[in-house]
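Below is one structure, written out as structure tokens, with a few remarks after it.
The values are calculated or read from the model by the stated rules, or taken from the named source; none is laboratory data. Everything numeric here is computed off the predicted structure, so don't read it as measured data. Cβ coordinates were reconstructed from backbone atoms using ideal geometry, including for glycine residues, and neighbour counts include every protein chain displayed. To get the accessible areas, we keep the full protein, side chains included, count just its heavy atoms, and leave off ligands, DNA and RNA. Shrake-Rupley method; radii C 1.70, N 1.55, O 1.52, S 1.80 Å.
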Amino acid sequence: SLTSPSGGPDDTTGPEVLFSSPASKSTNINTDTRISFTFSEWISNKKTNCISIFPPVAHSIKIHRNKLEIHPQEKLQDSTTYHVLITSTLLDLHGNPISPHNLIFSTGPSLDSGSLSGCIIDPTKKNAQYRIALFTPKELADSGVCGTPSYLMQTDTTGKFNFANLKTGSYQAIAYIDVNNDAHLQASTESVFTPEDSLINIDQHTPLITFYPSKFDTSFPRITNLKALNNRILSAAWDKEYDALVFHPPTIKIERTNPVETLNNVKYVPLKNSLS
């Protein structure tokens, strides 16, 4: 009797990058370049938020069969090392994710030399693929840790990471589980991890960094119990702990109401180990 041919074993393997343009670790790349990847199999065109470019570049994405093209909507910067991250949200036609892939190239004669490696300690053992975001002090001042970072990288499923060719300098570091895959931290719904010292100096020999679960609250603390101790000192307390991850030191302003006048030269002194 005749039977239908079997379809073979189920596909459980994610796509792999066969080659890219520019090639990995290449230098002196034209600032008008397009970026493309060729994969080992056809990929789904449903997840176009799978690409991040740092430094950030406005871009569009085109997926056809086993090719993905990135079209920058502006010229790349001169003498700059670029990181193009493909996250595990990129799937093949059977829903298998790619292992995170990082393409690095430079529009100048050399690649940046900074490195960062370590791991994330997560007692829940979710085996999630964590994002690590690095912010310069200016980026933090502009938009805080929920904004766009200098770098956004993805760990492996065990929470380990080893990143190379970063721009040397000081960064604030934070890790989180990107539940909705939008490449931004959602403070209320996504687990956060921070190192013991959140300000990291990245150079060619940065020590191993470990991230631990961290509390993260974006509602600003309020002043309570405000009273004058004498004609020169006011005392007050915050109603909760002040989260330095989100907020910069507060500006205290005191005004006289009649006549209206702002008193200058006011000093704010937080008391150690206290909300006062």
Cβ pairs under 6 Å, 6+ apart or interchain, first in region 246-265 and open to solvent by less than 100 Å² (accessible area, probe 1.4 Å), second assigned to a loop (DSSP other than H, G, I, E, B) and modelled with pLDDT of 80 or more, ordered by first then second residue, are ILE252/VAL266; ILE252/TYR268; ILE254/VAL266
Listed by first then second residue, the pairs whose first member lies in region 123-139 and is within 12 Å of GLY159 (Cα to Cα) and assigned to a strand (DSSP E or B), whose partner is modelled with pLDDT under 80 and open to solvent by 40 Å² or more (accessible area, probe 1.4 Å), with beta carbons under 8 Å and at least 6 positions apart or on separate chains, are none
Scanning region 166-191 residue by residue, the ones that are open to solvent by less than 20 Å² (accessible area, probe 1.4 Å) and modelled with pLDDT of 90 or more total 6
Over region 104-135, the set of residues over 22 Å from LEU208 (Cβ atoms) and open to solvent by less than 60 Å² (accessible area, probe 1.4 Å) is PHE105, SER106, THR107, GLY108
Original post:
Does SER198 satisfy the condition of being in contact (Cβ under 8 Å) with a residue 24 or more places away in the chain, crowded, with 16+ Cβ neighbours inside 10 Å, farther than 29 Å from LEU111 by Cα and not basic (Lys, Arg)?
Top reply: no
*Among the residues of region 222-237, is there at least one that is over 26 Å from THR124 (Cα atoms), open to solvent by 60 Å² or more (accessible area, probe 1.4 Å) and in contact (Cβ under 8 Å) with a residue 60 or more places away in the chain?*
no
If we ask which residues in region 9-26 are loosely packed, with under 14 Cβ neighbours inside 10 Å and more than 12 Å from PRO97 (Cα to Cα), their number turns out to be 7
When every residue in region 208-240 that is modelled with pLDDT of 85 or more and part of a loop (DSSP other than H, G, I, E, B) is compared, the one nearest to ASN162 (Cα to Cα) is LEU208
Residue hits (region 97-122; at pLDDT below 95 and either farther than 30 Å from SER191 by Cβ or in a loop (DSSP other than H, G, I, E, B) (or both)) are ILE98, SER99, PRO100, ILE121, ASP122
SER88: passes all of (1) under 21 Å from PHE19 (Cβ atoms); (2) assigned to a strand (DSSP E or B) but (2)
